[in-house]
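The block underneath contains the structure these notes are about, expressed in structure tokens.
Every number in this text was worked out from the coordinates using simple rules, so none of it is lab data. Since the model is a prediction, treat every value here as computed from it, not as a measurement. As a convention, Cβ positions derive from the backbone with ideal geometry for all residues, glycine included, and neighbour counts pool all protein chains shown.
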Amino acid sequence: MGVGSRPRVPDRTLVVLCSDWPVTALVASKRGDGPGDPIAILDNDRIIAASLSAKTEGVRVGQRPREAQSCCPKLAVVRRDVGAEVRLFESVLRALEVFGADVAMNAPGWAAFATRGPARYFGGEARLMAEVDTVCAQLSFPGDWWRVGVGDGAFVATQAARRGELVAPGEGAAFLAPFGVEILGRPELADVLRRLGVATLADFAALGESEVLARFGSDGGRAHRLARGLDDAPLRVRSRREDFSVEQLLDPAAEGVEAMSFVAKGLAEQLAARLAAQGLACTRLKVVLTLTGGEQLTRIWSSELAVQPAVVAERLRWQLEAWLLERGRSPGDPGRSQRAWEIGEIDRGEGVDRVALIPEEVIPDDGRQPDLWSRSRAGDDRLARSVARVQGMLGATAVVRPVPTGGRGPGEQIQLLSFSDVDPLLSLAPTRSRTRPRRRVRVNRSTAASDPAAAPWPGRLPAPSPAVIAAVALPVRLLDAAGQDVTVDGRGAMSAFPTVLMAAGETPNTVLSFAGPWPADEHWWEENGRRRRVRLQVLVAAGNAYLLVLERGQWCIEGAYD
């Protein structure tokens, strides 16, 4: 839009907002302690969301974990899982689609749609807000997790949703006027405006458009239009997904595990054919079995690769046996016949009269071309079937795998990721992804972005890594020949050679040799975020080798070598 041109009138927009959606998703997925417990979500070494009880104790977004835990000692800090957040928010998006408008989502926890059609149908925007509020209340998420707002454009509607208000047409600028410039979401611009004496959106909106463009460029001009309530950007609506689910009614009801596996494989082949016709593959599948008495048995399965019909049958077999175990059937009970493993012998003599396969996550089917020296397809299939068996008994997230994520300490270089997740880089960030090196290093940016473990990590512990990493570091004392504690100064020089390693309540061990120290000075440019650590490898007379770490004047055992 050129200078002096007339801006487009923003569309009336309704926004459903959950600012703490990462916490809501964590509790809803039953990985959190509970909605009333102090919980914080960590991403890039910063708190990005916190539960109400945590906020009451002083936990704030943007804090570092240690700073947050100093405010709330009982705080549970959990690393963010973007994949789980997106999957759970999908149910919110589907619920909003009942209002007939195309729904937009730019991040999990934020959804919007234009109100023009739905507001006319329900008799006004106030009534539409009430209907949306009712739909959200019926979703099975813990707590008061949502807010609804309406305004001119997505920006005004988002700010209105934070307060649960309806902003009348043309009143966006007046509504935004008292807010600080920080809500524009541009920290550097907000810092400059504050130093220029422009503290509120009213002050910013009062500036001339041409002057703002000349001083701050096109992005500053965009922020200036937002401050005036002229959010003319159209909503980026998501395409509605076609329903690929398949189901089969069974009459008479199936009573055996083998029969159910056969039915499931046939349905999975139908589903695979429907998806293949659209060039898609399923990576997250929901299986629903309905018993003749009305009870439903449900399980969601995920796979790194496309779900194969044979794997579906295998998973269903083991899942049925797991359900029967929960009902008191034991495969090792010699007094029970094979009939004890059949659905027909469940307490009330019920069978399964409906089987449904519902794809909850589909991706483009790009195929799979193995490398010349890679593992065979048969080996991959055996692995998939073995994982399917364990997941069927324990759940989709019970099987984890180590993923290299980069870092300095051995405990920071590996993250345990669910075997079901498609791409670890989509949900896991390196622990110290923003640490700057002290010296100039040539880095292949594309490689570092795709492989955090390949990024430069000054102060990183050299190979080999400890065989065992302590879940909780064990405090110890490292003494010199005079019985004094060994220290390390700011230049990385040790006060003396270590001779004795001593833990509380344990017999002192003589240090035979050592290697190091390796200092790591992290976030040295931040006043309150600096972290200095020194690592040392020691071999004691008992034959054990340990990795020690010194931080804040305290030596601890971080790991042990074989």
Expressed in nm to one decimal, what extension gain is obtained for the pair Ala493 and Ser29 from 0.36 nm per residue of sequence separation less their Cα-Cα distance?
162.2 nm
GluC sites (Glu not before Pro) restricted to DSSP loop in the range 192-272 with at most 12 other C-beta within 10 Å:
Glu242
Here the gain from full extension of Gln484 to Val288, 0.36 nm per residue of separation minus their alpha-carbon distance, amounts to 63.9 nm
Send over the semi-axes of the range 166-233's equivalent ellipsoid, whole angstrom and largest first, taken as the square roots of 5 times the C-alpha gyration tensor eigenvalues.
19, 13, 10
Considering amide H positions built from the backbone, and no H for Pro or chain starts, which residues 5 or more places from Val400, or on another chain, come under 5 Å of its amide H?
Phe419
